[in-house]
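The block underneath contains the structure these notes are about, expressed in structure tokens.
The values are calculated or read from the model by the stated rules, or taken from the named source; none is laboratory data. Since the structure is predicted, the reported quantities are computational estimates derived from the model, not experimental observations. Positions of Cβ are backbone-derived with ideal geometry, glycine not excepted, and every protein chain shown enters the neighbour counts.
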Amino acid sequence: MNSDLRSHLGRARGLGSAKSGVHHFWVQRLTAVALVPLAAWFAVSLVMLSGADYAMVRAWIGSPFVMVLLTLTIVIGLHHAQLGLQVVIEDYVHNDGAKLAMIVAVKFIAVFFGLAATVAILRIGFGG
Amino acid sequence: MSAANRPTSRPLSPHLQVYRLPFLANLSILHRATGIALSVGALYLATWVVFAAGSFDTYAKFQSFNGSIVGRLVLGGWLFSLFFHLFNGIRHLFWDFGYGFELKDADRSGWIVVAVTAVATAAAWIVGLRLI
């Protein structure tokens, strides 16, 4: 018997995926929209950097405008990538243990490389 | 009905070995494949920046790989993946807002994505190779 007087539906409401289920979907789209101009800018920049030497590449990365945009591109890109890879893993890996291990590994790798790139960009920009 | 006496002549679901995927399904799979390629590419991009923050000599080693045939194929493939995923991603965003779901429209936007990707990739390769 129900000890409280709420219906089953009333108790379930807000506890299921409706509570936070769209968060993953929403962040994936949010990062996608941000990456449209960032990816276009980066693709053009990469082509223009063809054949650039060490000093030219460092001068490019170290300018304030590029520091900001490049950090955004890498960090948001990796965030978008790990969200997408999570969906791919969830679709194709059916062993619960392997699935969890792979998703955790993908997230750790994304954070590690994102932070490494950010430190590298700051180091180039501020000298060291 | 038990499995034993089920009629065997019913149509089966498409088997990937003998079923030619429609245009839209191929684009969908290519979006995933380029997404996975770009994920690896993002790590490569991060590595490039880390090497640039290092000494002249360590960067030269990294750069010599980029200049090799394999390196150029990787970078060229990376640019193709980026352009396809970017343009097809914009198509996905239109779908998210409910536009272009009719089969006719999805087919047309699919071909537009293919055409724009081809033009952008060719332009990037030509300009990139000229600058080297």
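A few comments on the model shown:
- Subset of the stretch A:52-74 (residues that are touching a residue at least 60 places away in the same chain (Cβ under 8 Å) and surrounded by 16 or more Cβ atoms within 10 Å (Cβ to Cβ)): A:58, A:61, A:62
- Checked against the criterion of being more than 9 Å from chain A (Cβ to nearest Cβ) and at pLDDT below 95, the candidates B:67, B:76 yield just one match: B:76.
- So residue B:117, is it of a type in the set (Ser, Thr, Tyr), without any contact (Cβ under 8 Å) to a residue 60 or more places away in the chain and at the interface with another protein chain (Cβ under 9 Å from one of its Cβ atoms): no
- For the stretch A:103-115, the condition of being within 20 Å of residue A:45 (Cβ to Cβ), within 9 Å of chain B (Cβ to nearest Cβ) and not charged (D, E, K, R) holds for at least one residue.
- Among the residues of the stretch B:5-31, those that are part of a helix (DSSP H, G or I) and surrounded by fewer than 17 Cβ atoms within 10 Å (Cβ to Cβ) comprise B:23, B:24, B:25, B:26, B:28, B:29.
- Any hit, the stretch A:35-49, residues being under 21 Å from residue B:78 (Cα atoms), facing chain B (nearest Cβ under 9 Å) and not in a helix (DSSP H, G or I): yes
- Complete set of residues in the stretch A:93-125 that are aromatic (Phe, Trp, Tyr) and at pLDDT below 95: none
- Filtered residues of the stretch A:55-101 (kept if farther than 15 Å from residue A:32 by Cα, in a helix (DSSP H, G or I) and among the hydroxyl-bearing types (Ser, Thr, Tyr)): A:71, A:92
- Considering the stretch A:78-101, and only residues there that are surrounded by fewer than 17 Cβ atoms within 10 Å (Cβ to Cβ) and small (Gly, Ala, Ser), the residue that is farthest from the other protein chains (Cβ to nearest Cβ) turns out to be A:97.
- Complete set of residues in the stretch B:79-102 that are touching a residue at least 40 places away in the same chain (Cβ under 8 Å) and at the interface with chain A (Cβ under 10 Å from one of its Cβ atoms): B:79, B:82, B:83, B:85, B:89, B:92
- Number of residues in the stretch B:103-113 that are surrounded by 17 or more Cβ atoms within 10 Å (Cβ to Cβ) and free of Cβ contacts under 8 Å to residues at least 40 places away in the same chain: the value is 1.
- Scanning the stretch B:32-64 for residues that are more than 7 Å from every other protein chain (Cβ to nearest Cβ) and within 29 Å of residue B:119 (Cβ to Cβ), we see that the one that is modelled with the lowest pLDDT is B:63.
- Scanning the stretch A:116-128 for residues that are of a type outside the set (S, T, N, Q) and either part of a helix (DSSP H, G or I) or more than 9 Å from every other protein chain (Cβ to nearest Cβ) (or both) yields A:116, A:117, A:119, A:120, A:121, A:122, A:123, A:124, A:125, A:126, A:127.
- In the stretch A:91-118, the residues that are farther than 18 Å from residue B:37 by Cα reach residues that are not aliphatic (A, V, I, L, M) with C-beta atoms within less than 7 angstrom, at least six apart or across chains, in these pairs: A:93/A:99; A:99/A:90; A:118/A:71.
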